[in-house]
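Structure first, then comments.
FYI, it's all coordinate maths here, none of it is from the lab. These figures come from a predicted structure and were not determined experimentally. Positions of Cβ are backbone-derived with ideal geometry, glycine not excepted, and every protein chain shown enters the neighbour counts.
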2 protein chains.
Amino acid sequence: MLSAEQVVAAAIQCADSDGVDGCTMRAVADRLGVTPMALYRHVRSKDELLARIPDLLLFEVMEAAVRQRSGVSALREIALGLAKVLMARPWSTRLFEQPEPGPNMQAAAAHCIGLLVAEGASADEAFQWIRAVVAQVIGEMLTAHGRFDSTGVDLLLAAIPDLMRSSRPTR
Amino acid sequence: MLSAEQVVAAAIQCADSDGVDGCTMRAVADRLGVTPMALYRHVRSKDELLARIPDLLLFEVMEAAVRQRSGVSALREIALGLAKVLMARPWSTRLFEQPEPGPNMQAAAAHCIGLLVAEGASADEAFQWIRAVVAQVIGEMLTAHGRFDSTGVDLLLAAIPDLMRSSRPTR
DNA sequence: ACCTGAACACCGTTCAAGT
DNA sequence: ACCTGAACACCGTTCAAGT
């Protein structure tokens, strides 16, 4: 008896051993000892299956992020954790293009935004900063083919405290 | 009588009208009034065909970049030009993951690095900054699904002049 | 409800053959 | 040299059928 999460986990294993192109419905089914058609009971299409992978990979990143007590440190944890995930599985980078927004992504973002807002940022600003940092990491990994140069992330993280100060000039 | 560039251009047209998934060897061949096999005379594989698309799309960006006379303005031109290209053809963003480094990309980068070095940066620094800015734009487009928020690019471009000053403290 | 088997309409690519 | 036609080994997915 299969669950959707088992199917996604099997897809991750397939991609780990044969690349994302080797992650076919038939290969995933084989790994589960099941017929390809059985997958369609738990997943609408191959595209949906692939889109569900990112959130599953972010479980530990989310755990680390919600443990932080300041906005910038949560942001840093998200950036470095995501970079670590993408370095461990470079094939997954492209799947973050159209991820199914899942519980892990949402929890990490919500916690980080909450902290930044408590520190004086607007919700819009906080959202933009997360987006910018995540975009930097993904873009960096995508263009660097698996290596990670933290130049861009460092610049962004260094700039944000200043922006925060200037967005609440008096107190 | 076909040329490789014609094949790449036809592939761009296919992707424009049917998305990158509709850009099959058969569809490209049809558009050129030719058999799928004819394409293999000019292109080693479908992957190579797709990898050649980015450089062709960057022709005008390269023209604008080499016209600049300061490193940061060349960098800005690359960032905004690339963003424009990716907004016009969102399907192409993912192809920048493994681009075939072509003449346009190389000319734009070389000009920009030359300017930054003449202004006092090291070649390594200049290279890292270009990479960071390009990564930001691509990551932003990839995660924003076609819209472009310049927050990250603005932060990076604002930070670079300061870095440049500090890397040559005396004169 | 959950899974299977057979089949359909596609792919990218090879290989021998044409001119 | 350049292109074609037929064929191969795959795909994702549908549909009817089993339990």
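Annotations
- Only Lys, Arg, Asp and Glu carry charge here, each on its Cβ (+1 for the first two, -1 for the last two); on that basis chain B has a dipole of about 220 debye about its Cα centre.
- Reported value for the range B:110-171: 74 Å³ per residue, from the convex hull of its C-alpha atoms.
- Degrees separating the helix A:71-88 axis from the principal Cα axis of chain A, which is the longest one: 30 degrees
- Put the Cα centre of the range A:73-142 next to the Cα centre of the range A:1-23 and the gap is 23 Å.
- Here the chain B residue lying nearest the rotation axis onto A, judged by its C-beta and given with the distance in whole angstrom, is B:G139, 1.
- Overall shape of the range B:4-51 was characterised from the C-alpha gyration tensor. The equivalent ellipsoid obtained from it has semi-axes of 15, 11, 9 Å, in decreasing order.
- Among the residues of A:148-158, the average count of other protein chain beta-carbon atoms within 10 Å of the residue beta-carbon is 5.
- About its Cα centre, the dipole of the protein assembly as shown is roughly 200 debye, where the only charges are +1 on Lys and Arg Cβ and -1 on Asp and Glu Cβ.
- Peptides A:126-138, B:63-75, ordered by how many other C-beta atoms sit within 10 Å of their residues on average, highest first, read A:126-138, B:63-75.
- Take each residue in B:126-136, count the other chain C-beta atoms within 10 Å of its C-beta, and the mean is 6.
- Degrees separating the helix B:123-144 axis from the principal Cα axis of chain B, which is the longest one: 50 degrees
- Bins of 5 Å from zero: percent of alpha-carbon pairs in the range B:41-114: 3, 18, 26, 23, 16, 9, 4, 1, 0
- Global size of the protein assembly as shown: 21.8, 72 Å for Rg and Dmax (C-alpha atoms, Rg to one decimal, Dmax whole).
- Alpha-carbon geometry of the range B:95-144: the Rg and the Dmax are 12.1, 35 Å, given in that order.
- With pairing defined as another cysteine C-beta under 4.7 Å, the cysteines of chain B that fail it are B:C112.
- Axis angle, to the nearest 10 degrees, between helix B:151-167 and the longest C-alpha principal axis of chain B: 50 degrees.
- Among B:A27, B:F127, B:V117 - extreme Cα towards positive end, dipole of chain B, charges at beta-carbon: B:V117
- Per residue, the convex hull spanned by the alpha carbons of chain A comes to 104 Å³.
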